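Trainee: Just dropping this structure here.
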Amino acid sequence: MKTASDMGLPLVGVGLLYRQGYFTQYLNADGFQQERYPENDWYNMPVEIKTNKDGEPIKISVEMAGRMVAAQIWEVQVGRSSLYLLDTNIPENSQDLRNITAALYGGDKERRIQQEILLGIGGIRALRALGINPAVTHMNEGHSAFLGLERIRELMAEKQFTFDEAREALWPTNIFTTHTPVPAGNERFELALLEKYVGIWPQILGISWNDFLSLGRERPYDDHETFCMTVLALKLAAYANGVARLHGMVSRDMWRNLWPGLPLDEIPIGHVTNGVHPRTWVSSNMGELLSRYFGPNFDEAPTDLAIWNRIDRISDEELWRTHERRRERLVAFTRERVLEQYKRTGAADRHIRHAEDALSPYALTLCFARRFATYKRGNLLLRDPERLLRLVKDNDRPVQLIFAGKAHPHDMPGKALIREIVHFAEKHDVASRIVFIENYDMTVGKYLTSGGDVWLNTPRRPLEASGTSGMKAAMNGVLNCSVMDGWWDEAYTPEVGWAIGRGEEYEDTHLQDEIESKALYDLLEREIVPLFYQRGRDGLPREWIKMMKSCMREIGQSMSSHRMLMDYSNKFYLPALENYRHILKNDYKESKALAAYLSKLRQAWDSITISRIESSAKPVMQRGEILTVSALIELGPLTPDEIQVELYHGPVSNQSAVIKNARRSEMKAIGQEEHAYRYEVKIECDDTGFQGHTVRILPKHEALVHPYRTGFIKWA
């Protein structure tokens, strides 16, 4: 939202107003995470309730399981952009319905479906009530996917369209971003719960219950499959993406069953790598330094990413002095926080003395701060206590560690990881060198990402969709040491940080932990610690500072949220807006034609047959020779201009007989022979090595954003 404001994009956000937010974390005397759920005081927060001309709160209502749920709307003004938040905690609702917006991740599956109906269906209704009529909608994770159904319902009511006509009219204007590479992270609902809450929707949309269920299933009519919100979003959106290059690949593999028969690299899920807002996360000290050397454009032209190339104008002395000041502030902040923790739990005097001089403002500081999920392996560095203690207790070249992060309230293994870190520090009497800060939030995050020296990230590849904390650290000159996962998989070069492993994936997680923990110790002992303490006569670690500058230059440009939003605009927002204008200009004529075409295609698809292929291929062909391929295809009731026939060709691996890096050449109908059409194409042989080719058929219609519609691909 901040970035949209910076760029002047006409974008509004919609979410829920959680009365208790996420939760406040504190540790008990045993180091075990506890949660508090304090109520937010909206009158002391930057939110404003939206009212009508009579000064009454604007309200919307949504039907849930036979009951009407009312919600009022709050606005957060984010620069020039607006974020609207829905709130059910109002007198019109009974207590159980008032609790729908009580807490993020609170409650059971029933609470989740209530929140998602409110967010998706209620979110669109809220925008309408405010007089905002978006042409394009961006579903951020499957939680908001019901908005697709509400938009369809509206268009059906307004234009008297069928479900298929409304769906095709809106499909080119919907964008979906998936955020999780873990199957369990994709919301699924049992059919009984779905029937209870959205059982009336098939009737509203004029479709059967089975057709409705098929919208949320990978196998449309499998009665044993639950209803998946991610599948619903993917089926209703023409544009879809993961949040990093690697995550895009993982997502294509994860959802390949939605496009059976389509090669993995053609599955229509791309990627836009996440980014962070530099002016939010670059510390005040570092921001002042950068503004002095980057000039006014650092603030006034945030899309001018090349400005980060000016980092070399800053002298090593100034950059290092600024960074040291941030480390000093981090140490002071940490001592204060740890002292509070110890006093609250009634710790012994010696612990309190430890807290008062915990950490050193001059030692190499490693930070690990993120959600404490087990796959992020917060305890990877503890696997070999002897090697870790050697690093931590070295008085000549000391290393200190700061941990922070919340485990999900129901994640007992995640909580056990936090407890393990606290116990390790106490058991080995290094509580002044290994510290855990409670209640990781933006304040803690800002101190850590600007004051640490090395940012640690140790997820099990490929379970990290993107991650962003390391980007925040990098823009402050904090070097990353990370597994090749998420954003680091595409950002890593030896000049900007360190990679743990080379992107290997393991069947055996115990073996993976063993190998990667050893790799991490090796990096620390052989590269990171020596480089940090390698000082010139002036006391400056020149090589380290050189890496800091490379890191800030590269990551400042590539992982800025302004780059991210430019990617979203160029790949999705602007094309989707253009689709909307085009559809509207022709009064939905093409959309109705597309719905009719797909209905015809559905009925005719099984009658399409590739009956024969003829090829001029010889066992050995020379470069420059022309290969002619023709195919006889029976189209049933279809005409040649209603299908796309392609020659699919390219290098073939000897082992798998699979065409890799395929190219596609359109085949043209050149004549009719009895019940079949002859299609032909000529291509020049310009590659050496073992080659293969085949013929395939896809849909063809001018209103299709892309031809990859589920179930429509036929191979020879």
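Condition check ((1) at pLDDT 90 or above; (2) open to solvent by less than 50 Å² (accessible area, probe 1.4 Å)) across all residues:
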| residue | (1), (2) |
| --- | --- |
| E340 | yes, no |
| T345 | no, yes |
| E356 | no, no |
| A373 | yes, yes |
| L382 | yes, yes |
| E386 | yes, no |
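Trainee: Given (1) free of Cβ contacts under 8 Å to residues at least 40 places away in the same chain; (2) assigned to a helix (DSSP H, G or I); (3) crowded, with 21+ Cβ neighbours inside 10 Å, where does A233 come up short, assuming only one miss?
Mentor: Failing condition for A233: (1).
Trainee: Tally the residues that are open to solvent by less than 100 Å² (accessible area, probe 1.4 Å) and farther than 10 Å from E634 by Cα, restricting the search to the stretch 669-688.
Mentor: Of the residues in the stretch 669-688, 9 are open to solvent by less than 100 Å² (accessible area, probe 1.4 Å) and farther than 10 Å from E634 by Cα.
Trainee: Hey, another quick one. Within the stretch 31-67, track down each residue that is closer than 19 Å to V78 by Cβ and touching a residue at least 60 places away in the same chain (Cβ under 8 Å). Give the steps one after another, and end with the answer.
Mentor: Here is the first cut: in the stretch 31-67, the ones closer than 19 Å to V78 by Cβ are 40, 42, 44-50.
Selection gives K50 alone.
Trainee: Is it true that some residue in the stretch 300-307 is under 29 Å from the mean Cα position of the chain (by Cα), at pLDDT 95 or above, buried (at least 16 other Cβ atoms within 10 Å of the Cβ) and not basic (K, R)?
Mentor: There is at least one residue in the stretch 300-307 that is under 29 Å from the mean Cα position of the chain (by Cα), at pLDDT 95 or above, buried (at least 16 other Cβ atoms within 10 Å of the Cβ) and not basic (K, R).
Trainee: Can you name the helices (runs of 4 or more DSSP H) wholly within the stretch 90-185 that have at least 3 residues being free of Cβ contacts under 8 Å to residues at least 40 places away in the same chain?
Mentor: Helices (runs of 4 or more DSSP H) meeting the threshold: 95-98, 146-159.
Trainee: Can you tell me which residue in the stretch 249-286 is farthest from the chain's Cα centre (by Cα), limited to those that are surrounded by 20 or more Cβ atoms within 10 Å (Cβ to Cβ) and among the small types (G, A, S)?
Mentor: Ranking the candidates gives S283 first.
Trainee: Looking at the stretch 599-610, can you tell me whether even one residue there is open to solvent by 40 Å² or more (accessible area, probe 1.4 Å), of a type outside the set (D, E) and more than 23 Å from Y708 (Cβ to Cβ)?
Mentor: Scanning the stretch 599-610, I find no residue that is open to solvent by 40 Å² or more (accessible area, probe 1.4 Å), of a type outside the set (D, E) and more than 23 Å from Y708 (Cβ to Cβ), so the answer is no.
Trainee: Considering only the stretch 36-45, I want to know if a residue exists there that is under 25 Å from E426 (Cβ atoms), touching a helix residue (DSSP H, G or I) at 6+ places or on another chain (Cβ under 9 Å) and either modelled with pLDDT under 95 or open to solvent by 60 Å² or more (accessible area, probe 1.4 Å) (or both).
Mentor: No - not one qualifying residue is present in the stretch 36-45.
Trainee: In the stretch 103-145, which residue that is among the small types (G, A, S), over 18 Å from the mean Cα position of the chain (by Cα) and buried (at least 22 other Cβ atoms within 10 Å of the Cβ) is farthest from T88 (Cα to Cα)?
Mentor: Checking each candidate, the answer is G120.
Trainee: Whether any residue in the stretch 511-523 is modelled with pLDDT of 95 or more, of a type in the set (V, I, T) and open to solvent by 20 Å² or more (accessible area, probe 1.4 Å) is what I want to check.
Mentor: Yes, the stretch 511-523 contains at least one residue that is modelled with pLDDT of 95 or more, of a type in the set (V, I, T) and open to solvent by 20 Å² or more (accessible area, probe 1.4 Å).
Trainee: Hey, another quick one. With the stretch 453-527 as the region, which helices (runs of 4 or more DSSP H) entirely inside it contain at least 3 residues that are under 22 Å from G242 (Cα atoms) and in contact (Cβ under 8 Å) with a residue 24 or more places away in the chain?
Mentor: 469-475, 488-491
Trainee: Can you confirm whether the stretch 470-486 contains a residue that is open to solvent by 10 Å² or more (accessible area, probe 1.4 Å), of a type outside the set (K, R) and out of contact with any Lys or Arg (no Cβ under 9 Å at 6 or more places or on another chain)?
Mentor: For the stretch 470-486, residues open to solvent by 10 Å² or more (accessible area, probe 1.4 Å), of a type outside the set (K, R) and out of contact with any Lys or Arg (no Cβ under 9 Å at 6 or more places or on another chain): absent.
Trainee: Tell me which residues, restricted to the stretch 690-706, are over 17 Å from D606 (Cα atoms), of a type outside the set (A, V, I, L, M, F, W, C), buried (at least 17 other Cβ atoms within 10 Å of the Cβ) and within 35 Å of the chain's Cα centre (by Cα).
Mentor: H701
Trainee: The conditions are (1) hydroxyl-bearing (S, T, Y); (2) under 30 Å from P651 (Cβ atoms); (3) out of contact with any Lys or Arg (no Cβ under 6 Å at 6 or more places or on another chain), and S599 fails exactly one of them. Which is it?
Mentor: Single failed check for S599: (2).
Trainee: Can you name the residue in the stretch 241-286 that is touching a Lys or Arg at 6+ places or on another chain (Cβ under 6 Å) and part of a helix (DSSP H, G or I) and, of all such residues, is farthest from R326 (Cα to Cα)?
Mentor: L264
The values are calculated or read from the model by the stated rules, or taken from the named source; none is laboratory data. It should be emphasised that the depicted structure is a prediction, and the values quoted were computed from it without experimental measurement. Neighbour counts run over all protein chains shown; Cβ positions are idealised from the backbone, glycine included. Each accessible area value is taken on the protein alone, full model and side chains, heavy atoms only, with ligands, DNA and RNA left out. Shrake-Rupley method; radii C 1.70, N 1.55, O 1.52, S 1.80 Å.
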